[in-house]
Amino acid sequence: MTEPEIDAPEGAAPPLLLDSGFRARHAELALGYGGGGDPDDPAQVQAMQMVLHIPKAEPPRRSAVLEAAAAAAVALCLDPRVGPDGEWQDRYLAWKRSRIRKVARRARGAQWLAANEVDGVTLEVDGAEARALVPGPVGDIDQRIRKLQIGGTDLESDEPGPADPELPVLWVNSALSMTVGKAAAQVGHASMLLAGALPVEQAFAWAQRGFRCAVRDAEPDLWARLCARVNGGDGLETIAAVRDAGFTEVAPGSMTVIAVAPPMSPLDDAA
């Protein structure tokens with residue numbers, strides 16, 4: 001199994017440590033998000049831009065793209081640069097304490113290289129790459145990102161096989177037929193919520209594995225069983241569910257992704 005690799009450009013964050021800084025960043029994530037109303041000025045609405053690397057000639061598998069997107073989103077949220085006195089802290093908190101909107105865009109070739117020059121974190125999973133950018137106002141998006149296409153490209157569903165039982169699984173509601181961009185934003189929400197719900201030691205162990213996860217489609221029967229687990233969990237597993245605000249593609253309140261971390265996972269042993 002190929003583990004995700006966090007890029008290490010000049011000025012990259014130092015290695016993660018289970019120190020007071022990580023605990024503070026996890027505690028902030030565990031608080032959830034603000035969920036308040038939008039600002040009066042639409043240009044000041046906060047969003048995390050996510051860039052999916054989708055080459056035209058040899059596009060990656062959809063499941064791998066979504067796994068990379070999920071990992072990149074949570075990696076940014078626990079990056080030392082968003083923590084106390086970090087260079088990204090103010091921008092991150094302004095977003096995280098509002099609606100945690102995410103906008104996924106696609107890039108290829110020179111566009112992808114340019115996107116990696118903008119502040120953020122890139123992760124790679126099985127040849128698929130995604131970059132989560134430091135959030136900011138939608139009216140002040142870097143021009144290298146603003147020109148990237150949001151819609152118009154999708155990837156066919158694939159069947160990657162059984163998920164590794166040691167990894168969290170992010171189950172996507174197949175009945176909603178979300179595009180890859182919409183699904184990328186939703187699994188990004190799910191990975192954040194799951195990391196915040198985990199004990200800090202388990203979240204750190206997950207971080208040491210590059211936030212590797214499995215993204216799988218859940219057909220209606222399985223989805224119904226997962227919903228029952230969300231509503232009546234036995235306390236032995238950590239579950240996080242994403243309910244979408246309904247700005248695009250799905251109805252408001254739709255449950256889009258259910259993330260499940262295995263109980264007493266080997267993730268714990270790595271801490």
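Here GLN143 fulfils each of the conditions (1) at positive phi; (2) without any contact (Cβ under 8 Å) to a residue 12 or more places away in the chain apart from (1). Being more than 24 Å from ARG62 (Cα to Cα), surrounded by 14 or more Cβ atoms within 10 Å (Cβ to Cβ), in contact (Cβ under 8 Å) with a residue 24 or more places away in the chain and within 19 Å of the chain's Cα centre (by Cα) holds for only one residue in THR248, THR238, and it is THR238.
Can you list residue pairs whose Cβ atoms sit under 7 Å apart, with the first residue in segment 156-168 being touching a residue at least 24 places away in the same chain (Cβ under 8 Å) and closer than 13 Å to CYS213 by Cα and the second being charged (D, E, K, R) and surrounded by 13 or more Cβ atoms within 10 Å (Cβ to Cβ)? Count only pairs 6 or more apart in sequence or on different chains. If the second residue must be charged (D, E, K, R) and surrounded by 13 or more Cβ atoms within 10 Å (Cβ to Cβ), the pairs left are PRO160/ARG61; ALA163/ARG216; LEU167/ARG212.
Please go through (1) part of a loop (DSSP other than H, G, I, E, B); (2) surrounded by fewer than 18 Cβ atoms within 10 Å (Cβ to Cβ) for VAL230 and return the number of the only condition it doesn't satisfy. Only one criterion is unmet by VAL230, namely (1). Residue pairs whose Cβ atoms lie under 7 Å apart, separated by 6 or more positions or on different chains, with the first residue in segment 186-210 and over 16 Å from ALA132 (Cβ atoms) and the second β-branched (Val, Ile, Thr), are ALA197/THR238; LEU198/THR238.
I'd like to know if segment 172-195 contains one or more residues that are part of a loop (DSSP other than H, G, I, E, B) and surrounded by 16 or more Cβ atoms within 10 Å (Cβ to Cβ). Checked segment 172-195: at least one residue is part of a loop (DSSP other than H, G, I, E, B) and surrounded by 16 or more Cβ atoms within 10 Å (Cβ to Cβ).
If you go through segment 154-161 one residue at a time, do you hit one that is of a type in the set (Gly, Ala, Ser) and in a loop (DSSP other than H, G, I, E, B)?
As a first pass, look at segment 154-161 and keep what is of a type in the set (Gly, Ala, Ser): 157, 161.
From the residues that got through so far, the ones that are in a loop (DSSP other than H, G, I, E, B) too are 157, 161.
Yes, some residue in segment 154-161 is of a type in the set (Gly, Ala, Ser) and in a loop (DSSP other than H, G, I, E, B).
Return yes when PRO15 is closer than 19 Å to GLY210 by Cα and exposed (fewer than 13 other Cβ atoms within 10 Å of the Cβ) and no when it is not. Taking the combined requirement at face value, the residue satisfies it.
Residues of segment 225-249 that are modelled with pLDDT of 95 or more and touching a Leu at 6+ places or on another chain (Cβ under 7 Å): ALA240, VAL242. Considering segment 111-140, the residues that are without any contact (Cβ under 8 Å) to a residue 40 or more places away in the chain and among the charged types (D, E, K, R) include one that is farthest from GLU58 (Cα to Cα), namely ASP119. Exactly one residue out of ALA104, ALA132, ALA128, ALA94 is surrounded by fewer than 17 Cβ atoms within 10 Å (Cβ to Cβ) and not polar (S, T, N, Q): that is ALA94.
Determine whether segment 201-208 contains at least one residue that is modelled with pLDDT of 95 or more, within 20 Å of LEU29 (Cα to Cα) and more than 18 Å from the chain's Cα centre (by Cα). Checking segment 201-208: at least one residue is modelled with pLDDT of 95 or more, within 20 Å of LEU29 (Cα to Cα) and more than 18 Å from the chain's Cα centre (by Cα). Quick check on segment 34-57: of everything there that is surrounded by 12 or more Cβ atoms within 10 Å (Cβ to Cβ) and touching a Ser or Thr at 6+ places or on another chain (Cβ under 7 Å), which residue is modelled with the lowest pLDDT? Among those residues, the one meeting the criterion is GLY34. In this structure, is GLY181 in contact (Cβ under 8 Å) with a residue 60 or more places away in the chain, closer than 21 Å to PHE247 by Cβ and out of contact with any His (no Cβ under 6 Å at 6 or more places or on another chain)? Answer is yes for this residue.
The values are calculated or read from the model by the stated rules, or taken from the named source; none is laboratory data. All figures in this text were calculated on a predicted structure; none of them were measured in a lab. Heads up, the Cβs are rebuilt from the backbone with ideal geometry, glycines too, and the neighbour counts pull from every protein chain shown.
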